[in-house]
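Step one of this worksheet: look at the structure below.
The values are calculated or read from the model by the stated rules, or taken from the named source; none is laboratory data. Remember, predicted model here, so these are calculated numbers, not experimental data. Cβ placement follows ideal geometry from the backbone for every residue including glycine, while neighbour counts extend to all protein chains displayed. In case anyone asks, the SASA skips ligands and DNA or RNA and just uses the protein heavy atoms, side chains included. Shrake-Rupley method; radii C 1.70, N 1.55, O 1.52, S 1.80 Å.
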Amino acid sequence: MTSLSEQVAYLRLSPLTPIHVGTGDTLDPLSYVMREDDGVPRLYPIDLPAWVEAHENPAELARFFATKELPEIRRRVAKELDPLIFGGAPATVHSREIYEKYAHELGAKDSRNQLLIDPAIANGRTGALIVPGSSIKGAIRTAVIDWIDREWGMDLKAASDSEKNGQRGAYNKKLEEFLGKISVNAFKNLKVGDFQAPLGDSLFVTANEVRIRPKDKPPTPKHDCQVTLSLAMTGKTYALYGKVMLGSHDARGRDAALTVAHDSRRQSWSLVELMALCRSFYEWRYNQEKQNFYSKPHLSATAKALAPVDAAIAEMASDGMLVRIGHYSHVECMTVTGNKPQTRKAKDGGIIPFGVTRTLADHTYPFGWAVLRQCSEEEYRAAEARREAHDAAFLRERQNKRQIILDQKAEEERTRGEEQAREEEERLAREAERAALEAMTPLERLVHLVESDKAHENQAVDLFGMLQEMEADMRVRAAAALKAYWVRGDKKWIKKECSKKQWEKVVEVKRILGES
């Protein structure tokens, strides 16, 4: 038998509702831009410093940033920065409300709206959304602590009460008593890997707080946020893949995914048993939330949207595990059964009640519900190969688009450079000609104008009238210039097309040139 220290289980995570696991940071419109392509708005994270550095006039841009107000700055960034060159992987903006607010506020000179958005944890190299394994592990840990509290009488309620009465650390001390210190506790050997989405597979949604009683005080504003695709929002089953490493080196627990012990008591769970424990913990909470909130008339749209989720939970196989993970998972799903969470005092001296609000994506969808199942190594590797091929094609296509745009810009720059060089050459030629003209005598200047076909008819007539007064060399040059001028002219050189007076001039010029 393979030792437990070498065991790996492969997992398929299916988000039932949108999952948001944030970075703790926020994006503002100097970190992203939105574009609408074919009627679909998308958000692109951007590399603003790279754009500034590559700008054709970075000094002017720096002055603009230093002297203008934020709304004007972000409006210029949105207008001029090309996200195909200076942007990361885009995500679809699912909520039209987000895009319309962005478009409106960018155009508002007096806008005070910061347009902040909470991004999801992502692959630092590609920008692909990640559901971290630590979130899965945290969900498992809550269910296990709940079991210990109920079955072994850990009495976390008393520890919480002690903390309320000033005994700091009582709650964590109780957990350490049953699970061990964080560096050596029972969960150390349960290693859950991250679940990475294919590039582009994420949505931006609004986060809207609703109250169990609709006429209560106004909801708390929350940032829009980035979430996974999910069954509830797309109507399609969606899966991310990861693995769990069972890293115990304890021979007595070799067949267990997790073992806890306290005094003479000892409890081990296989991975299947651990998943069943979590299923029981979270399924009860899912049903309670539905009953307490989504049965209310003002939340009927949410109840309707959860119909496919209800069906998926009902059909969940015995090896499936229902979990709730990420932000807006709500206090009941992070609290053991017998221990109501601590809340602060109200203004009237009473305790603010807990569990009276929910946060919904796009006013409709609860956050964080997912099903976790074991899958074969073959399914895992095939899915990862598809994701990697998709990501490579995605990055290749984006790089090709970037290259096309960069090539176009390079061609425009080359053409612009050639035009500038031509203009400079013409300018220098004009200056040289002007200098040469200034150095000429009036007669030389007149001959030059006729030679270069820049003279008007009266100047040509004046030059002809001066021929007899010129020295021989200049007379020949002037005659040649007049011949060329009249040959180019209309009916000025051929006898049958000339007037009598003009022909007399032609004859004289021919005589001077020795052509008569």
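Our coupling estimate for the stretch 294-302, obtained by passing each phi through the Karplus curve with A = 6.51, B = -1.76, C = 1.60 and θ = phi - 60°, is 7, 8, 6, x, 6, 10, 5, 5, 5 Hz, Gly and Pro reported as x. Solvent-accessible area of the chain (1.4 angstrom probe, protein heavy atoms only): carbon and sulfur portion equals 50 percent. Protection proxy ranking of 277-287, 305-315, by the mean of other Cβ atoms within 10 Å over each peptide's residues and highest first, is 277-287, 305-315. Every Cα-Cα pair in the stretch 443-498 was counted, and those over 15 Å apart are 42% of them. In plain terms, the chain from Asn292 to Glu56 could stretch by 79.0 nm, reckoned as 0.36 nm per residue minus the Cα-Cα distance. Taking Cα centre as origin and charging only the Cβ of basic (Lys, Arg, +1) and acidic (Asp, Glu, -1) residues, the dipole magnitude of the stretch 398-516 rounds to 600 debye. Amide H to amide H distances under 5 Å link Phe195 with Val131, Gly133, where only residues 5 or more positions off or on other chains count and H is placed in the peptide plane.
Rounded to the nearest 20 debye, the dipole size of the stretch 438-481 about its Cα centre is 60 debye, using +1 on the Cβ of Lys and Arg and -1 on the Cβ of Asp and Glu.
Between Arg445 and Arg427, the distance separating the two model label sites (each 7 Å from Cα on the Cα→Cβ line) works out to 2.5 nm. Taking only the C-alpha atoms of the stretch 359-433, Rg followed by Dmax gives 27.9, 86 Å.
With a Förster radius of 35 Å applied to the C-beta separation of Ala392 and Thr67, the computed FRET efficiency comes to 0.20. Rounded to the nearest whole Hz, the Karplus-based 3J(HN,Hα) values (6.51 cos²θ - 1.76 cosθ + 1.60, θ = phi - 60°) of the stretch 404-413 follow the sequence 4, 5, 5, 5, 4, 5, 5, 5, 4, 5, with x at glycine and proline.
Return the tail of the calculated pair distribution for the stretch 425-474, meaning the percent of Cα-Cα pairs more than 14 Å apart. It works out to 57 percent of all Cα pairs. So for the stretch 1-151, taking the charge dipole from beta-carbon charges (+1 Lys/Arg, -1 Asp/Glu), which of Ile145, Asn57, Leu84 sits furthest toward the positive end? Farthest towards the positive end: Ile145.
Send over a whole-number figure in Å² for the accessible area per residue of the chain, probe 1.4 Å.
54 Å²
When the P(r) is computed for the stretch 348-502, the part past 18 Å accounts for 80% of the Cα-Cα pairs. Between Glu36 and Ala314, the modelled label-to-label distance comes to 4.0 nm, taking each label 7 Å out from Cα in the direction of the beta carbon. Once you divide the Cα radius of gyration of the stretch 12-157 by 2.2 N^0.38 Å, the number left is 1.42. Between the amide H of Val33 and those of Tyr44, Ile46, distances stay under 5 Å, these residues lying 5 or more places away or on another chain, with hydrogens modeled in the peptide plane. A Cβ-based charge dipole, computed about the Cα centre of the chain with Lys and Arg at +1 and Asp and Glu at -1, lands at about 1560 debye.
Close amide H contacts of Asp224 (hydrogens built in the peptide plane, cut-off under 5 Å, sequence separation of 5 or more or a different chain): Asp118, Ala207.
If the viscosity is 0.692 mPa s and the temperature 37 °C, what translational diffusion coefficient in µm²/s does Stokes-Einstein give for the chain when Rh comes from Kirkwood over Cα pairs?
It comes out at roughly 110 µm²/s.
3J(HN,Hα) along the stretch 433-450, derived from phi through the Karplus expression 6.51 cos²θ - 1.76 cosθ + 1.60 where θ = phi - 60°, amounts to 5, 5, 5, 5, 5, 5, 7, 7, 6, x, 5, 4, 5, 5, 4, 4, 4, 5 Hz, with x in place of Gly and Pro.
Estimated from helices alone, the mean residue ellipticity of the chain at 222 nm is -14500 deg cm²/dmol (sum of -39500 (n - 2.57) over DSSP H runs with n ≥ 4, per residue).
Partner aspartates and glutamates whose Cα lies under 13 Å from the Cα of Lys304, excluding those fewer than 8 positions away in the same chain, are not found.
Over all projection directions, the Cα-based convex hull of the stretch 405-493 averages an area of 8.3 nm².
A straight chain from Ala303 to Val461 at 0.36 nm per residue would run longer than the Cα-Cα distance by 47.1 nm. Annotation note: trypsin sites (Lys or Arg not before Pro) in the stretch 59-135 located in DSSP loop regions with a Cβ neighbour count of at most 15 within 10 Å are Lys68, Lys109, Arg112, Arg125.
Look at the dipole of the stretch 36-147 built from charges on Cβ: of Ser135, Gly39, His94, the Cα furthest out on the positive end belongs to Ser135. Here is the link list: Lys454/Lys492; Lys454/Lys483; Lys188/Lys290; Lys174/Lys217; Lys173/Lys222. Which ones come out longer than 26 Å on Cα distance? Pairs exceeding 26 Å: Lys188/Lys290; Lys174/Lys217; Lys173/Lys222.
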